[in-house]
Amino acid sequence: MTDVAIIGAGTAGLTAAIYARRAGRTVTIFEAEAPGGQIINTPEIDNFPALPGVSGYEYANKLYEQVQELGAEFVFDKIKKIGGSLEEGFFMTGEYGAECEAKTVIIASGVKRREMGLAGEQEYSGRGISYCATCDGAFFKGKTAAVFGGGNTAVEDATYLADICEKVYIIHRRNEFRADKALVDELLSYSNVETKLSRTVSAIHGDEKLTSVTLTTVDGHDEELVTDALFVAIGLIPDNEVFKDLVELDAAGYVVAGEDCETSAPGVFVAGDCRTKDVRQLVTAAADGAAAAIRASRLSQSL
Ligand code: NAP
């Protein structure tokens, strides 16, 4: 039985692994995709202490290597079932058949991007519609791209695309961006960027590929925006359905916990973006990983 099972190998999960391994605990980390989490798609991290300008990919790789060197066991599978208790131990199984028993669990499953819910969204996904500018931006070199959203992700995506594309539109439902001022100022310094504020994307058009989208203004007027690509960055949603019988989730699906990262189930901790919190940043994900792992390590050692 492993001392600490960690679900998710993003910043929160990998930081938890560092602390748990350094506390001498055995650690098994489940990851459904590639290690590194969301930050892997960030071109440049400018707000992590002492690491200005490092790419998300480089950061994530270093973190992954650090955890591998510390001797944590990685299992690449998506948890499909989890249960148990602190008294009897926890068990989990993956979609590809991986199994694990653990004394304590740290949920660090992160979040995924919210979809628009429009007709044609799935059909044109990968044919003009994308949820990752750093993954797919290069396909639109010299072309026109639109970004939908007004938060840090959307503004960073649009800035990244402004260096690649001939023209970039940023569409946001309000007349003021939610993103940090420094990021907005940088974006607006590009001459090939045009804002489409107080508008939402209301329809998607294309033939084999996306050709345009309909924008609807707050006062109900429609306009067609011709574009080769639409990058959707309208926020994040948790993917915690599998944990709903194990721990308390809030109405939006986040695992309920405070700064101590303790969930409603003794022995189960939560770290990073998937928990209820105000500030979802790399640095707070790392802080959660440490808090959860220190508690899980102490507890598993006492059993
Ligand atoms: P976010 O901050 O939640 O912003 C989502 C944006 O999408 C908001 O502008 C929101 O509009 C809009 N939106 C939400 N639902 C919508 C809908 N149904 N239709 C149209 N627009 C919709 O999400 P995010 O930008 O992905 O960032 C997530 C978290 O990661 C945040 O805490 C952010 O600070 C953090 N992050 C930080 C950095 C960084 O520090 N460099 C980079 C990326 C992300 P309203 O503004 O009107 O609500």
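All of the numbers you see were taken from the coordinates with simple rules; none came from a lab. Computed from a predicted model, the values in this text were never measured in an experiment. Cβ placement follows ideal geometry from the backbone for every residue including glycine, while neighbour counts extend to all protein chains displayed.
Given +1 at the Cβ of Lys and Arg, -1 at the Cβ of Asp and Glu and no other charges, the dipole of region 121-232 around its Cα centre is 120 debye to the nearest 20.
Neighbours of residue 203, meaning other residues whose beta-carbon lies under 13 angstrom from its beta-carbon, give a summed charge of -4 when Lys and Arg score +1 and Asp and Glu score -1. For region 120-155, the residues whose backbone nitrogen is under 18 Å from a point 7 Å from the Cα of residue 192, taken along Cα to Cβ, are 133-148, 155. Relative to the longest principal axis of the Cα atoms of the chain, helix 56-69 runs at roughly 10 degrees. With Cα atoms as the point set, the radius of gyration and Dmax of region 34-179 evaluate to 19.3, 60 Å. Of the chymotrypsin sites (Phe, Trp or Tyr not before Pro) found in region 3-111, those that fall in a DSSP loop while having at most 14 other beta-carbon atoms within 10 Å are 96.
Using only alpha carbon pairs under 8 Å that are at least six residues apart, calculate the relative contact order of region 121-232 and give it in whole percent.
Working: 238 pairs, mean separation 34.7, N = 112.
So the answer I get is 31 percent.
Using a Förster distance of 45 angstrom, determine the FRET efficiency expected from the C-beta separation of residue 85 and residue 125, and round it to 0.05. Working shown, then result.
Details: r = 40 Å, r/R0 = 0.89.
After rounding, the FRET efficiency stands at 0.65.
About its Cα centre, the dipole of region 53-168 is roughly 460 debye, where the only charges are +1 on Lys and Arg Cβ and -1 on Asp and Glu Cβ. Using all pairs of distinct alpha-carbon atoms, the Kirkwood hydrodynamic radius of region 121-232 works out to 13.7 angstrom. Grab the other residues whose beta carbon is less than 13 angstrom from that of residue 24, score K and R as +1, D and E as -1, and report the net. Summing Lys/Arg as +1 and Asp/Glu as -1 gives +3. Residue pairs exceeding 28 angstrom between C-alpha atoms, taken from 141/277; 80/277; 78/141; 167/277: 141/277; 78/141; 167/277.
Stokes-Einstein diffusion for the chain, with the hydrodynamic radius set to the Kirkwood value over Cα pairs and evaluated at 10 °C in a medium of 1.306 mPa s, equals 78 µm²/s.
Please give the FRET efficiency for residue 174 paired with residue 298, using the beta carbon to beta carbon distance and R0 = 45 Å, rounded to the nearest 0.05. Present the calculation step by step, with values, prior to reporting the outcome.
On the way: r = 45 Å, r/R0 = 1.00.
Approximately 0.50, to the nearest 0.05.
Looking at the chain, the DSSP beta bridges with both ends there are about 45 percent antiparallel.
Put simply, when 225-232, 194-201 are sorted by average Cβ atoms within 10 angstrom per residue, most first, you get 225-232, 194-201.
Quick one: dipole size for region 157-220, taken about the Cα centre, charges +1 on Lys/Arg Cβ and -1 on Asp/Glu Cβ, in debye to the nearest 20. Let's see the in-between values first.
On the way: 8 positive and 11 negative charges, 57 e Å.
Roughly 280 debye, rounded to the nearest 20.
Here the spin labels are modelled as points 7 Å beyond Cα on the Cα-Cβ line, and at residue 115 and residue 214 they lie 2.0 nm apart.
Which cysteines in the chain lack any other cysteine whose Cβ sits under 4.7 Å from their own Cβ? Here 100, 165, 261, 274 come out as lacking a disulfide-compatible partner, given the Cβ-Cβ threshold of under 4.7 Å.
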